[in-house]
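Down below is the structure, laid out as structure tokens.
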Amino acid sequence: MKRWLMAVALVGLVTGCAVPVAGQPAPGPTSSVAGAAPEVVRWVNNFCGVAKYMIASGGVSFDQTQAQADPAQAKKSVSDSLGRVVDVLDVVLHDLDELTPAPVPAADTAVEVISEPLTRARDKFAAAKSAVDAAPEMTVDLFSTVIQDMTEAVTVMNEAVEKMAVVSLPDEVRDAADQAENCV
């Protein structure tokens with residue numbers, strides 16, 4: 001799998017923090033309107049921080065020329081790369097779990113919508129790593145199994161992106177995104 005494929009899937013997760021704006025910029029209100037509640041801004045900042053962490057963590061990449069030159073090193077490299085993705089998803093799932101309950105209960109839906117498919121994706125990456133680690137050597141069949149598990153994992157992650165696109169966050173949460181450092 002290409003690293004950019006993972007990045008594209010992960011970038012989609014960040015769209016939950018973005019607020020599309022149509023038209024031309026206009027000056028803000030001149031009256032003193034209070035911003036979002038600090039606990040909501042903090043929650044949104046942490047939510048967007050999880051997405052930023054996933055993007056910054058990158059994806060899985062394999063050096064296919066290395067596989068031909070040194071199959072043992074290729075096996076180790078594949079295992080290490082898959083382990084890294086599993087570790088990243090473990091952190092992401094932990095951090096998402098820490099976001100509940102949200103200060104705005106309807107925002108918990110966003111966490112649930114993302115967590116379920118990411119858990120399934122993590123399990124697919126873990127299965128691929130287990131298959132690599134259990135095999136005495138990297139074979140074409142094993143590599144095919146790994147690619148299949150990774151393809152299924154990325155498909156599941158895309159489901160999360162699609163589901164997130166239809167989740168309607170409360171106005172208070174969307175407004176807080178403008179004040180959250182990790183969302184801009």
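The values are calculated or read from the model by the stated rules, or taken from the named source; none is laboratory data. Just so it is clear, the structure is predicted and the values come from calculations on it, not from any experiment. For neighbour counting, all protein chains shown are included, and Cβ atoms are generated from backbone atoms with ideal geometry for every residue, glycine included.
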Taking only segment 97-112 into account, find how many residues are more than 14 Å from the chain's Cα centre (by Cα), at pLDDT below 95 and assigned to a helix (DSSP H, G or I). 5
Look at segment 125-148 and say how many of its residues are without any contact (Cβ under 8 Å) to a residue 60 or more places away in the chain, closer than 15 Å to S81 by Cα and either outside any helix (DSSP H, G or I) or of a type in the set (K, R) (or both). 1
Out of curiosity, is V166 hydrophobic (A, V, I, L, M, F, W, C), at pLDDT below 90 and either surrounded by fewer than 19 Cβ atoms within 10 Å (Cβ to Cβ) or in contact with a strand residue (DSSP E or B) (Cβ under 9 Å, 6 or more places away or on another chain) (or both)? yes
Of all residues in segment 146-160 being modelled with pLDDT of 90 or more and buried (at least 16 other Cβ atoms within 10 Å of the Cβ), which is nearest to V111 (Cα to Cα)? V156
Unique match (being over 18 Å from the mean Cα position of the chain (by Cα) and closer than 26 Å to N45 by Cβ) among S115, S130, S168: S168
Those helices (runs of 4 or more DSSP H) lying entirely in segment 1-95 with at least 1 residues at pLDDT 60 or above: 38-57, 64-69
